[in-house]
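The values are calculated or read from the model by the stated rules, or taken from the named source; none is laboratory data. Bear in mind the structure is a predicted one, so any value in this text is a computation, not a measurement. No Cβ is skipped: glycine too gets one built from the backbone with ideal geometry, and neighbour counts run over all protein chains shown. Heavy atoms of the whole protein, side chains included, go into the accessibility calculation; ligands, DNA and RNA do not. Shrake-Rupley method; radii C 1.70, N 1.55, O 1.52, S 1.80 Å.
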Amino acid sequence: MSTEMIKKLYQSMPARLAEARKKFGRPLTLTEKILVAHVDDFGTQKWERGKAQLALRPDRVAMQDATAQMAMLQFMQAGKKQAAVPSTIHCDHLIRAQSGAKEDIERAINENKEVYNFLASAAKKYGIGFWKPGAGIIHQVVLENYAFPGALIIGTDSHTPNGGGLGAMAIGVGGADAGEVMAGLPWEVLHPKLIGVRLTGSLTGWTSAKDVILYLCGLLTTKGGTNKIVEYFGPGAETISATGKGTIANMGAELGATTSIFPYDQKMAAYLKLTEREEWAKIADANKELLTADPEVLQSPEKYYDQVIEINLSELEPHVVGPHTPDLARPISKLASEAKEKGYPIQLKAALIGSCTNSSYEDISRSAHIAKQGLKAGLKAKAQFLVTPGSERIYHTMKRDGFMQTFEEMGATVLANACGPCIGQWKRDDVKKGESNSIISSFNRNFPGRNDGIAETLSFLSSPEIVTAMAFAGDLTFDPVKGTLSAADGTKIQFEPPRGEELPAKGFAKGEEGFVAPAENGDNLTVDLPPTSERLQLLQPFPKWDGKDFSKLPILVKAKGKCTTDHISPAGPWLKYRGHLDKISDNMFLGANNAFTTEAGKANDVLTGESNLTPAQVARRYMAKGVGSVVIGDENYGEGSSREHAAMSPRFLGIKVVITKSFARIHETNLKKQGILPLIFANPKDWENFEQNDRVSVIGLSELAPGKAVDVVIHKADGKEITVQANHSMTAQQIDWFKAGSALNALNA
Ligand code: MIC
Ligand code: SF4
């Protein structure tokens, strides 16, 4: 992002904001300022929160390697010469964590050659910046290089909101959205409602920024933020470092929030300066009023936000969440009794720090302070201890300042600057499938199977300093705040609360940054996509809707309980097929709990009566007979990742409609984009009416219209019929996508 572009944005804002104050008849929140500044057509835009569809012009697009493949394959179908907005690709997700940074990177480059070549060549041709494997995790690299106060950034990853740490409105999207914005179209999103979080006091002792968001996860649950933006403000906000704010905004994704944002302040200025963007801090300083809510809003927040939450940072306790969901939260002081009561395995097998969520200088220095105390007492980590730096800069700064050595003395393995164990790419040999065991990390996600592919692993999340102390204890019931450990000489030690520094006094050290600029003119360049590739496959347009109602379709899966995108399209070993729709589709619903089977990831073929098949096998059999199918979902269906494979595979394997109690935002959009009908039970209890041998019809599809409910008929095996109502959130344009077979088909029509 050039300084000139930022200046231009700020210059355009005062007039726009004045117009908006006049139109809305009131002062503006920060969220509204950024939305108004980026709207495609202010004159025609409607602004009703929770109802209006916003058409926005993002400043930037960021993509990571596991989602960029589909994003680029779709962008290429649009036939454009260059990406219309500044865009980057980051190689981070495909690196397996196995034996340490150097070897893991070498192995990844070898194993993923085809994919990296494809992404690098496509980036070069289409004017997109390319960050090589090892350069860092997308959100950290975006924070260090691209995010700026007041920006609108979209990224093909649900934790894109990490950019909120620098006051950017950064939003996670599916690859189709990214492809369209790069093709020059505006980006559409439902106008979110606003949750205002007023922070007072300041963090002390063991409490860190992570605890703000862990506490909120417990309070609001994983669907509490759906179609909402969390806007932080208040005197407490100014006391949290920019990277701490990044952690909070990053994990707002676990609330299902569209994004989270902080007002511009001096902590952000300090971070901008240290990451060689002093000029940006200067212009932000000169335009501060554009980058914070209006004073009247701050005085009476309850008038301007749809909900207001107060958190006194001085009273906040360190928290631990999990297992299996980020909203099972409690202060650490309550964990021991709960663990005993619920029978969680007490021994901690592994402790992991870092990731895109928590690998700032502050996180690492506070954790190292704990590590040093343990080492001084003659202790070593009792659990396997893994450290994942977020970027090359973080890695080299950690090394220069001696933190790496401290962790290594403790027994840590330092992994590559990549997602590794956070995305099921952790090759673990200390436990076997089926073995219940506990681990703790400073990451953001903890769905079953998420880290090691083992659904029985109980994964807890906390701040990196707590995780480091827990690594010494190797015991889930240890409370680092009050508990004691036996030192090597038999005496009892109690940790002092962690101390660290927000930013490195000597500045950031740099290694090879790993950035490759695109060609000035890529017209004569070709994209490297071998036709026989096992990893990549050109996309074929999905068929158009045939104009008929869906009639008597079998139910492929009836999801019971949590069904995240990790359940629908697991990562880990499947990541290697993210660019090959046919191959990756074999993973469809492998993690889902199907109400009709005893084992997860299984389905029954109701046409032949065979059972114990994978959902993909059954769907492929139905397709061969020309039969489509239906999926029934539970609450917050499609929670978690932005991966559009969770919509593309079902579409590819003949699923016509998904009917649920509620959807997570990104996944619902992904379904719409790929031409699947996303329906929501008018009465959630109707979920219970669906049985394995039923057939399902969706009628009146030719009259599909915005805001109009649809009839779903359940045909029982004994000939009875039950009609239930379902709603949808499709706009007229989205209905056109459904009719065209996908958004891309509609675009190319
Ligand atoms: C995640 O944290 O779940 C991921 C892996 O980063 C995903 C993206 C993906 O599945 O590729 C996300 O958050 O969107
Ligand atoms: Fe990578 Fe994990 Fe962050 Fe997703 S949440 S970007 S997998 S480190």
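Assessment of the stretch 575-597 against the conditions (β-branched (Val, Ile, Thr), open to solvent by less than 30 Å² (accessible area, probe 1.4 Å) and in contact (Cβ under 8 Å) with a residue 24 or more places away in the chain) yields at least one matching residue.
Per the conditions (1) within 16 Å of ligand 1 (Cβ to nearest atom); (2) of a type outside the set (Ser, Thr, Tyr); (3) within 17 Å of residue 254 (Cα to Cα), the sole criterion not satisfied by residue 460 is (1).
In this structure, is residue 556 aliphatic (A, V, I, L, M), touching a residue at least 24 places away in the same chain (Cβ under 8 Å), closer than 23 Å to residue 455 by Cβ and in a strand (DSSP E or B)? Give the steps one after another, and end with the answer.
On the way: aliphatic (A, V, I, L, M): yes; touching a residue at least 24 places away in the same chain (Cβ under 8 Å): yes; closer than 23 Å to residue 455 by Cβ: yes; in a strand (DSSP E or B): yes.
The answer is yes for residue 556.
Note on the stretch 664-689: residues that are crowded, with 21+ Cβ neighbours inside 10 Å, in a helix (DSSP H, G or I) and either modelled with pLDDT under 95 or of a type outside the set (Lys, Arg) (or both) amount to 7. From the list 460, 443, the lone residue that is over 17 Å from residue 572 (Cα atoms) and either within 26 Å of the chain's Cα centre (by Cα) or open to solvent by 10 Å² or more (accessible area, probe 1.4 Å) (or both) is 460. Among residues of the stretch 380-396 that are over 21 Å from residue 471 (Cα atoms) and of a type in the set (A, V, I, L, M), those with a beta-carbon under 6 Å from a residue that is outside any helix (DSSP H, G or I) and open to solvent by less than 10 Å² (accessible area, probe 1.4 Å) at least six positions away or on a different chain give the pairs 394/359. If you filter the stretch 467-514 down to residues that are surrounded by fewer than 18 Cβ atoms within 10 Å (Cβ to Cβ) and at positive phi, you find that the one that is farthest from the chain's Cα centre (by Cα) is 490.
Here is a check on your reading of the model: is residue 148 away from ligand 2 (no atom under 16 Å from the Cβ) and in a loop (DSSP other than H, G, I, E, B)? Here the answer is yes, as residue 148 does meet what is asked. If you filter the stretch 387-429 down to residues that are among the small types (Gly, Ala, Ser) and either open to solvent by 10 Å² or more (accessible area, probe 1.4 Å) or in contact with a helix residue (DSSP H, G or I) (Cβ under 6 Å, 6 or more places away or on another chain) (or both), you find that the one that is farthest from ligand 1 (Cβ to nearest atom) is 402. Looking only at residues in the stretch 94-114 that are assigned to a loop (DSSP other than H, G, I, E, B) and within 16 Å of ligand 1 (Cβ to nearest atom), the one that is most open to solvent (accessible area, probe 1.4 Å) is 96. Scanning the stretch 57-93 for residues that are open to solvent by 10 Å² or more (accessible area, probe 1.4 Å) and within 16 Å of ligand 2 (Cβ to nearest atom) yields a total of 1.
Which one of 729, 702 is surrounded by fewer than 24 Cβ atoms within 10 Å (Cβ to Cβ), in a helix (DSSP H, G or I), in the same structural domain as residue 743 (by TED's automatic domain parsing) and away from ligand 2 (no atom under 16 Å from the Cβ)? Spell out the reasoning first.
On the way: 729 fails: in a helix (DSSP H, G or I).
Residue meeting the stated conditions: 702.
Scanning the stretch 732-749 for residues that are crowded, with 17+ Cβ neighbours inside 10 Å and farther than 17 Å from residue 698 by Cα yields a count of 9. Say we look at the stretch 603-622 and pick out the residues that are touching a strand residue (DSSP E or B) at 6+ places or on another chain (Cβ under 9 Å) and open to solvent by 60 Å² or more (accessible area, probe 1.4 Å); which of these is nearest to residue 646 (Cα to Cα)? Taking the candidates together, the pick is 617. Taken together, 615, 650 contain a single residue that is in contact (Cβ under 8 Å) with a residue 60 or more places away in the chain and closer than 23 Å to residue 66 by Cβ, which is 650.
Within the stretch 137-155, the set of residues being among the small types (Gly, Ala, Ser) and under 18 Å from residue 242 (Cα atoms) comprises 147, 150, 151.
State whether one or more residues within the stretch 40-49 are within 30 Å of residue 570 (Cα to Cα), in the same structural domain as residue 258 (by TED's automatic domain parsing) and open to solvent by 40 Å² or more (accessible area, probe 1.4 Å). No; the residues of the stretch 40-49 include none that is within 30 Å of residue 570 (Cα to Cα), in the same structural domain as residue 258 (by TED's automatic domain parsing) and open to solvent by 40 Å² or more (accessible area, probe 1.4 Å).
Mind checking which residues of the stretch 321-372 are within 20 Å of residue 421 (Cα to Cα), of a type in the set (A, V, I, L, M) and out of contact with any strand residue (DSSP E or B) (no Cβ under 7 Å at 6 or more places or on another chain)?
Just the residues of the stretch 321-372 that are within 20 Å of residue 421 (Cα to Cα), to begin with: 321-326, 347-360, 363-364, 367.
Then drop every residue that is not of a type in the set (A, V, I, L, M), which leaves 321, 348, 350-353, 364.
Matches in the stretch 321-372: 364 only.
Within the stretch 336-365, the set of residues being open to solvent by 10 Å² or more (accessible area, probe 1.4 Å) and touching a Lys or Arg at 6+ places or on another chain (Cβ under 7 Å) comprises just one member, 338. Take the residues in the stretch 24-78 that are assigned to a loop (DSSP other than H, G, I, E, B) and of a type in the set (Asp, Glu); name whichever of them is farthest from residue 179 (Cα to Cα). Among those that are assigned to a loop (DSSP other than H, G, I, E, B) and of a type in the set (Asp, Glu), it is 48.
Is it the case that residue 562 is away from ligand 2 (no atom under 16 Å from the Cβ), closer than 17 Å to residue 647 by Cα, out of contact with any Ser or Thr (no Cβ under 9 Å at 6 or more places or on another chain) and of a type in the set (D, E, K, R)? Even if it seems obvious, please write down each step before you answer.
Details: away from ligand 2 (no atom under 16 Å from the Cβ): yes; closer than 17 Å to residue 647 by Cα: yes; out of contact with any Ser or Thr (no Cβ under 9 Å at 6 or more places or on another chain): no; of a type in the set (D, E, K, R): yes.
Here the answer is no, as residue 562 does not meet what is asked.
Just so you know, in the stretch 419-450 the residues that are out of contact with any His (no Cβ under 7 Å at 6 or more places or on another chain), under 23 Å from residue 392 (Cα atoms) and modelled with pLDDT under 95 include one that is farthest from ligand 2 (Cβ to nearest atom), and it is 427.
Put simply, of 364, 353 the only residue that is within 16 Å of ligand 2 (Cβ to nearest atom), part of a helix (DSSP H, G or I) and at negative phi is 364.
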